[in-house]
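All remarks here apply to the structure that follows.
None of the figures in this text is laboratory data; all of them are computed from the coordinates on show. It should be emphasised that the depicted structure is a prediction, and the values quoted were computed from it without experimental measurement. A quick note on method: Cβ atoms are made from the backbone with ideal geometry, for glycine too, and the neighbour counts reach across all protein chains shown.
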Amino acid sequence: MAACQHRAVLYDLADVDPDASGVDDGVRTRTRGELLDRATRLGRSWLDRGLRPGDHAAALWGNRVEAVEAVLAATLSGIWLTPVNRHLAVEEIAYIVEDSGAVIVLTDPEHEATARASVGGPQPILVAGDELDGQISGADATRFALDGPVGGTMFYTSGTTGRPKGVRRRVASDLGAQLRALAAAGRPLGLVGRGPHLVTGPLHHAAPLGFAFFDLHNGAPLILMANWDERHCLDLIRRHQVVTTHLVPTMFVRLLRLDEADRDGFDASSLQTVLHGAAPISAVVKQRMIDWWGPTLVEYWGGSEGGYVTVATTEQWLTHPGTVGRAVSTYEVFAGDDRGARLPAGETGPLWCHNTVVDNVFAYHNAPEKTAAAFAGPGVYTLGDIGRVDEDGFVYLSDRASDMIITGGMNVYPTEVAQVLAEHPAVADVAVFGIPDDEWGEQVKAAIELLPGSEPSDALALELMAFAREHLAGYKTPRSVDFEAALPRFPTGKLHSRLLRDRYWPDGGRRI
């Protein structure tokens, strides 16, 4: 076996430059050496408590250095860690802790009361600070063997219908291979350890955590934001000379709302890769960000199940407006029917992802029947998105199948309507969804968050509907407009459209 197969970038980085910055959350810092040492000890402490590779743990805390340590500890020790969304209700957290089979729960002082209210079983709760530090300092520091078992993170889907599902993505056969795979996964995205990586989103979500860890495994120090704030984001980029980061479209919108003086005074020259995805983006917003930050934007499409599947550089997006990119080397993407039969290039239908390297890309926790139902063939699955693939392999999204509006037998994709409305000068944010209509089955409804200086009125609602009609077919045009003080979005940027839709579907049953 070649010598490089016995090595792992993570270990090499800690050996070569142990004093280099590893992670900084604005309160606590860790060097590379400290990060690996503490993660190793934390993993050893779990095994000392009786956990075994393959067991599960859960974590409910904010963006802090211990969150990074725990994810590394899980990978090293063979444990599956579920980062729990700290914005969930107690009942929702309790379900995830129980369903995941977590043997131990980690939290911090800010979320300790919620964690204790959510854990009804005998699982011990370890609190970041003196208690967790004591566990770590008293544990064995012997590094885990690279030919040993490997763990990972198990995220829960947001659950558009029914209970959320735990998603276990396939990992490598041993620890060394997994550590090398994590480093390699960053390369198509430009996450190759060139400099600091700013984490702007919650580490309980797969995208901010996953992309940060790809860069970390290549040597990038992580800068963690506790909560999103657009001015603080610009300040952190400036102070740390941030090279890579991940944002969602709502963050772009808020950055663009800053005063012109704030934007003109910002030097974006350190940025080389600004990833974005997780939610559709207005072409106007993206172009304005490119004009401001240059050709640094890299768009991706994928999901918790299989990771990122397509990538679009700024240059590709400019020559193929609206694309989310082409499939990466291990995937092909095609539009098909509901059973996965291929459609000709350019035709719209459910998008299918085919991993050409592995068949068992992911599994739903304790749900083999759901796992089997998700695949149309070996390595072939759908994320529930509708779109098309052109003759050059560029992928374009239309919408989520679950969000599609059917009015008078015609399909309306809310994203298409929302992107048109987003270009109106009074609109800050927009949601489009279907509501009941006795004659047409559904009608198109728009919910609008206005920019400062614009006031809601019947006249403005009519103006917005007329604006949409200028660019869309009549059946796609909203029949009514609601004005909202703020649209409900998850911290990841995804729209919580159910909170808007449920006002109009009171029976709790049919949603389309």
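Overview of values
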{"quantity": "Length gained when the stretch T29-E110 is fully extended (0.36 nm per residue, less Cα-Cα span)", "calculated": "27.3 nm"}
{"quantity": "Theoretical gain in end-to-end length, A226 to D437 [0.36 nm per residue, Cα-Cα removed]", "calculated": "71.6 nm"}
{"quantity": "Antiparallel content of DSSP bridges confined to the chain, in %, to 5", "calculated": "60"}
{"quantity": "Ranked packing of 296-307, 426-437, most packed first, by mean Cβ within 10 Å", "calculated": "296-307, 426-437"}
{"quantity": "Approximate spin-label separation A181-Q241, in nm, with each point projected 7 Å along Cα-to-Cβ", "calculated": "3.5"}
{"quantity": "Pairwise FRET efficiency - R194 versus D147, Cβ, R0 = 25 Å, nearest 0.05", "calculated": "0.25"}
{"quantity": "Relative exposure of W317, W440, judged by other C-beta atoms within 10 Å (fewest first)", "calculated": "W440, W317"}
{"quantity": "Dipole of region 156-267, positive direction: furthest Cα of N227, G176, G195, with charges on the beta-carbon", "calculated": "G176"}
{"quantity": "Using a Förster distance of 41 Å, the FRET efficiency for S402-S270 (Cβ separation, nearest 0.05)", "calculated": "0.55"}
{"quantity": "Extension reserve of the L258-V284 stretch, reckoned as 0.36 nm per residue once the Cα distance is removed", "calculated": "7.7 nm"}
{"quantity": "Cβ-based exposure ranking for F214, F467, in which fewest neighbours within 10 Å come first", "calculated": "F467, F214"}
